[in-house]
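This report concerns only the one structure given below.
The values are calculated or read from the model by the stated rules, or taken from the named source; none is laboratory data. Not measured: the values here are computed from a predicted model. Don't worry about glycine lacking a Cβ; one is built from the backbone with ideal geometry, like all the others, and counts go over all protein chains shown.
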Amino acid sequence: MQGQVLDGLAAAYERQTVDATALLVDAFPVTTTQLLPEWEVSLALPDACTGPAVGLAERRRRVVSKLVDTGGQSGAYYIGLAGSLGFPGCTITEYAAFTAGSGCSDPLNTADTGWPHAWRFNVPVQAGAVSFTATSGCDEALRGWGSAVLECVIRRAAPAHTAVLFGYRADEDWLRDGGHAEDWGLLDQIGSQPEIVEDWSALA
């Protein structure tokens with residue numbers, strides 16, 4: 001009788017031992033499983049910017065990212081923040097304000113000097129680019145880029161008195177510094193070139 005009672009209790013003790021061992025793993029957000037929902041509640045996840053995460057690994061990554069985030073206001077911090085969201089290679093352009101030390105001939109309001117509280121976050125377009133493919137719908141754009149999640153996170157972390165601009169630039173853009181611009185001719189040359197008439201007659 002005593003052996004039968006112990007056999008009946010053994011399963012419960014075994015489950016307790018397994019749960020106690022698993023608790024050591026769940027105590028760390030990198031490996032947590034059972035306590036992951038509690039980690040998310042404690043850190044107010046998912047948030048308004050990122051939305052719900054997909055998959056266990058992504059949920060863990062967001063928990064760890066928010067738990068270890070110490071904040072900051074340096075360019076390196078924002079670039080690292082974008083990198084953690086999957087947007088590497090970003091840069092920042094800052095604009096200097098017109099001050100008492102500026103020259104008398106310096107402009108008061110230009111793209112280089114007139115935005116004292118604005119800065120631009122430059123993102124490689126490949127990081128969030130979506131191209132039209134053979135399986136795309138006929139109402140879809142030929143090319144799209146940008147990330148609402150990235151812009152929301154950067155704006156939320158930016159100093160409150162600043163305005164953040166976002167620029168998405170492709171490596172193949174011929175307007176970039178050092179690129180070669182196409183020759184579109186001069187305005188007075190329009191219509192002066194001989195027209196080329198294409199032959200749209202029958203194929204036969």
* May I ask you to verify whether Gly83 is within 30 Å of His117 (Cβ to Cβ) and free of Cβ contacts under 8 Å to residues at least 60 places away in the same chain? => yes
* Residues that are over 46 Å from the mean Cα position of the chain (by Cα) and either under 30 Å from Val54 (Cα atoms) or small (Gly, Ala, Ser) (or both), drawn from region 1-39 -> Gly3, Gly8, Ala10, Ala11, Ala12
* Can you work out which of the residues in region 140-174 that are farther than 16 Å from Val123 by Cβ and among the hydrophobic types (A, V, I, L, M, F, W, C) is modelled with the lowest pLDDT? => Trp174
* How about region 21-46: which of its residues are in a loop (DSSP other than H, G, I, E, B) and not aromatic (Phe, Trp, Tyr)? -> Ala27, Pro29, Val30, Thr31, Thr32, Thr33, Gln34, Leu35, Leu43, Ala44, Leu45, Pro46
* To do: Could you please find all residues in region 47-88 being at pLDDT 90 or above and either among the acidic types (Asp, Glu) or in a loop (DSSP other than H, G, I, E, B) (or both)?
  => Ser74
* If you take the residues of region 65-88 that are surrounded by 13 or more Cβ atoms within 10 Å (Cβ to Cβ) and among the polar types (S, T, N, Q), which of them is farthest from Leu36 (Cα to Cα)? -> Ser84
